[in-house]
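Trainee: This is the structure, below, for whatever I ask next.
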Amino acid sequence: MTWTFTTDLTAYLAAAGPAAAAQPVSNTLLLTVADGLRRRGGGAYGDGTPVFGWWTGPDRTVVGGLLCTPPFPMVLGVVPAEAVRALGAALRAEPLLAGVRAFNARRPDAEALAAAWGRPTRIAEELRLYRLAGLVAPDPAPSGRARPATGADLPLLMEWIEAFHEEAGGHGTASETALRERISYGGALLWEHEGEPVSLAGFFRPIGSASRIGPVYTPPAHRGRGYAAGVTHAATRAAHAAGATEVLLFTDLANPTSNGVYQRLGYTPVEDRAEVVPV
């Protein structure tokens, strides 16, 4: 039983890809980030060198993996408990993991890994993963309609994505390349009211059976009118039309409004994740 670490995306996909794809709901972050790297190259998420890892069980079968695209936290997929404990030791000793400053894992694994890491930590963010059980239209229906974003909307999308990341306190930034790709497959939708864009929702290209909604953003001046529910409903339908049989999304547990909106649309909780950072 051992971890293997590399900076070679091709090797990671060959070794850990099947294990990640076998559990597409819980491994949605692993799958979408790896897909972005495959399509847009190693610099898709920043200037740092991505690092990958996979856990091989006693029968020599790879059963889970991780990846890290600096400056983002390391993302740990579904792995057995012994792999979590071993990863704590690897964080202290493995040169390729020397740059890891935070990690994102399922809540029980995050707590176990923090203990195994052996350094003071805190939970910076708690996320809840939802999956669609059955789509329900917003009630009452918001005024306006959804439409796919086009190249002409790119400056607005860049502005809103930057605002989204700033409000979320995250590590990301708007990427013109990533947004152009979203537009190319219809993965960015705008809600319009009286001809003016008032809300945004995107969805990731389906990987296997699953697609994930995100980001969802409404400028402060347009909030409280149901636009986010309307555009999320439209993005969910578009993800289904693009081939997804599982539609997922994450919410910040500190935001009760968004958690309530998505549950009213038919999303049900799957599991919680935590982002852990050093104190």
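Trainee: Could you pull the accessible area for LEU253 with a 1.4 Å probe, rounded to 10 Å²?
Mentor: Rounded to the nearest 10, the figure is 60 Å².
Trainee: For region 185-193, just list the computed ³J(HN,Hα) in residue order, Karplus coefficients 6.51, -1.76 and 1.60, θ = phi - 60°, integers in Hz, with x standing in for Gly and Pro.
Mentor: Working through the residues one at a time gives 10, x, x, 10, 10, 10, 9, 10, 10 Hz.
Trainee: Could you report the accessible area of TRP117 in Å², rounded to 10, computed with a 1.4 Å probe on the protein chains as they sit in the structure?
Mentor: 10
Trainee: Just to check I understand the Karplus step: with θ = phi - 60° and J = 6.51 cos²θ - 1.76 cosθ + 1.60, what whole-Hz values come out for region 254-268, glycine and proline as x?
Mentor: Per residue, the Karplus-derived 3J(HN,Hα) values read 7, 10, x, 5, 5, 4, x, 4, 5, 5, 5, 7, x, 8, 10 Hz.
Trainee: Could you list which residues have their amide H under 5 Å from that of ARG273, counting only those 5 or more apart in sequence or on another chain, with H placed in the peptide plane?
Mentor: The answer is ARG107, LEU127, ARG128, LEU129.
Trainee: Using a 10 Å cut-off on Cβ atoms, rank the peptides 232-242, 121-131 from the highest mean neighbour count down.
Mentor: Numbers: 232-242: 21.0, 121-131: 17.1.
Listed from highest to lowest mean packing, they are 232-242, 121-131.
Trainee: Using a basic spin-label model with each label point 7 Å from the Cα along Cα→Cβ, how many nm lie between ALA124 and ARG147?
Mentor: 3.8
Trainee: Any idea what the alpha-carbon Rg over 2.2 N^0.38 Å comes to for region 152-224? It would help to have the intermediate numbers written out before the result.
Mentor: Details: Rg = 12.4 Å, N = 73, 2.2 N^0.38 = 11.2 Å.
Relative to the rule-of-thumb radius for its length, region 152-224 sits at 1.10.
Trainee: What are the residues whose amide H is under 5 Å from the amide H of MET74, where those residues sit 5 or more places off or on another chain and H is modelled from the backbone?
Mentor: ARG101, ALA102, PHE103, ASN104
Trainee: For a quick check: with amide H placed at 1.01 Å from N, whose amide H comes under 5 Å from GLY266's, ignoring anything fewer than 5 positions away on the same chain?
Mentor: Those lying under 5 Å, H to H, from GLY266 are VAL136.
Trainee: Another question, then. Pop out the ³J(HN,Hα) list for region 135-152 in order, Karplus 6.51 cos²θ - 1.76 cosθ + 1.60 with θ = phi - 60°, rounded to Hz; leave Gly and Pro as x.
Mentor: Couplings: 5, 10, 5, x, 9, x, 6, x, 6, x, 7, 9, 8, x, 6, 10, x, 5 Hz.
Trainee: Give the peptides 56-62, 1-7 in descending order of average Cβ contacts within 10 Å, highest first.
Mentor: Values: 56-62: 12.1, 1-7: 14.6.
Result, highest mean Cβ count within 10 Å first: 1-7, 56-62.
The values are calculated or read from the model by the stated rules, or taken from the named source; none is laboratory data. Not measured: the values here are computed from a predicted model. Every residue, glycine as well, gets a Cβ built from its backbone with ideal geometry; the counts of neighbours run over all protein chains shown. With ligands, DNA and RNA removed, areas are computed over all heavy atoms of the protein, side chains included. Shrake-Rupley method; radii C 1.70, N 1.55, O 1.52, S 1.80 Å.
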